[in-house]
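Visitor: To start, I am sharing the structure in question, which I have written as structure tokens.
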């Protein structure tokens, strides 16, 4: 277990980010002025920043802190981030093996080969609250759930990886960062934590 520098003068939070929220507090982009931001969920301390991000359509565990050193440490080190992902179709073992070894995705206008990761099919469908925006039903074909664990986090990486092996992402929920788990945290719920132990 690694304990990041957690001074008592700083405040740390865990949040279950809902679908449709941007992982930021403000935006200077005119197109994003009507979007939903994290500040509407909780009265965060001045100087709070999200550690890494989840894109607007993604849900789940988000860490926030007023300590920029912790933020830098987590985003630049090999801390595991685990995601439960609902896919369009019944994923094959071959596709899982391809993701484990690394697949080529587009990033910043260039081709990028993802680092080896952990990927496995979930035996049982995980139980999560219904998403704000409805996901297509079984009439449009089968779906499957997988666990994908990364030690990196390029923009929309998980979505790009599953699409690269032929199984587009329907729903994406981050369930763990290091030793910190989403657990039973309700959608939109925020909790103050004493420190960030990874």
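The values are calculated or read from the model by the stated rules, or taken from the named source; none is laboratory data. No experiment lies behind these values; they were computed from the predicted model shown. Please note: Cβ atoms are built from the backbone with ideal geometry, for glycine as well, and neighbour counts cover all protein chains shown.
Visitor: Being loosely packed, with under 13 Cβ neighbours inside 10 Å and free of Cβ contacts under 8 Å to residues at least 40 places away in the same chain is true for just one of 100, 133, 110, 121. Which residue is that?
Guide: After applying the criteria, what remains is 110.
Visitor: Also, quick follow-up: If residue 50 satisfies all but one of (1) without any contact (Cβ under 8 Å) to a residue 60 or more places away in the chain; (2) surrounded by fewer than 19 Cβ atoms within 10 Å (Cβ to Cβ); (3) within 24 Å of residue 161 (Cβ to Cβ); (4) touching a strand residue (DSSP E or B) at 6+ places or on another chain (Cβ under 6 Å), what's the number of the condition it fails?
Guide: (2)
Visitor: Can I ask one more? Could you list, in sequence order, all residues of segment 103-126 that are within 23 Å of residue 188 (Cα to Cα) and within 17 Å of the chain's Cα centre (by Cα)?
Guide: Scanning segment 103-126 gives a single hit, 126.
Visitor: Tell me whether segment 62-83 contains one or more residues that are in contact (Cβ under 8 Å) with a residue 12 or more places away in the chain, in contact with a helix residue (DSSP H, G or I) (Cβ under 7 Å, 6 or more places away or on another chain), farther than 16 Å from residue 153 by Cα and not assigned by TED's automatic domain parsing to the domain that holds residue 124.
Guide: Looking for residues that are in contact (Cβ under 8 Å) with a residue 12 or more places away in the chain, in contact with a helix residue (DSSP H, G or I) (Cβ under 7 Å, 6 or more places away or on another chain), farther than 16 Å from residue 153 by Cα and not assigned by TED's automatic domain parsing to the domain that holds residue 124, one finds at least one in segment 62-83, hence yes.
Visitor: Could you look through segment 58-80, keep only residues that are more than 30 Å from residue 129 (Cβ to Cβ) and surrounded by 14 or more Cβ atoms within 10 Å (Cβ to Cβ), and pick out the one that is modelled with the lowest pLDDT?
Guide: Looking at the filtered set, the residue picked out is 73.
Visitor: Can you pull out every residue in segment 1-26 that is modelled with pLDDT under 80 and in contact with a strand residue (DSSP E or B) (Cβ under 8 Å, 6 or more places away or on another chain)?
Guide: Residues satisfying the conditions are 1, 2, 3, 4, 6.
Visitor: Moving on to the next point. Answer with yes or no whether residue 79 is in a strand (DSSP E or B) and within 20 Å of the chain's Cα centre (by Cα).
Guide: Judged against the criteria, residue 79 is not a match.
Visitor: Follow-up. When the residues of segment 27-44 are filtered to those that are out of contact with any helix residue (DSSP H, G or I) (no Cβ under 8 Å at 6 or more places or on another chain) and surrounded by 14 or more Cβ atoms within 10 Å (Cβ to Cβ), which remaining residue is modelled with the lowest pLDDT?
Guide: Among those residues, the one meeting the criterion is 32.
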